[in-house]
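K.L.:
There's a structure below that I have some questions on.
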Ligand SMILES: [Zn+2]
């Protein structure tokens, strides 16, 4: 019999942490791999960033966040 409704498979799989991200110029200063493959950690903010849903975008967003840019600036100042 016909009439089988094909199940809508969301072909979305979780985005795991990619090691190549740690080699990107913009990320490598602060990124660190977390215990979990779906998390990155920011060494500047000491914060976990979930990459599960948005992957690399989560990192870009974090990098642009007010807290992160602020902390980055204050860290640089410490050098003098
Ligand atoms: Zn940060």
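Values in this text are rule-based calculations from the coordinates and carry no lab data. The model shown is predicted, which means the values in this text are computed figures rather than measured ones. Note that we place each Cβ from the backbone using ideal geometry, even for glycine, and neighbour counts take in every protein chain shown.
K.L.:
Could you work out the helix-only [θ] at 222 nm for the chain, with each DSSP H run of four or more residues adding -39,500 (n - 2.57) and the total divided by the number of residues, to the nearest 500 deg cm²/dmol?
P.N.:
-8000 deg cm²/dmol
K.L.:
Defining a contact as two alpha carbons under 8 Å apart and six or more residues distant in sequence, what relative contact order in percent does the chain show?
P.N.:
21
K.L.:
From the Cα trace of segment 19-74, what convex hull volume per residue do you get, rounded to a whole Å³?
P.N.:
68
K.L.:
Give me the one-decimal nm value for the distance between modelled label points at residue 64 and residue 19, 7 Å along each residue's Cα-to-Cβ direction.
P.N.:
3.0
K.L.:
Would you kindly state how much longer the chain becomes between residue 52 and residue 35 on full extension, computed as 0.36 nm times their sequence separation minus their alpha carbon distance, in nm to one decimal?
P.N.:
Computed gain between residue 52 and residue 35 is 4.8 nm.
K.L.:
Moving to a separate point now. In degrees between 0 and 90, to the nearest 10, how far off the longest principal axis of the chain does helix 66-77 point, with axes built from Cα atoms?
P.N.:
So the helix axis and the longest Cα principal axis differ by about 30 degrees.
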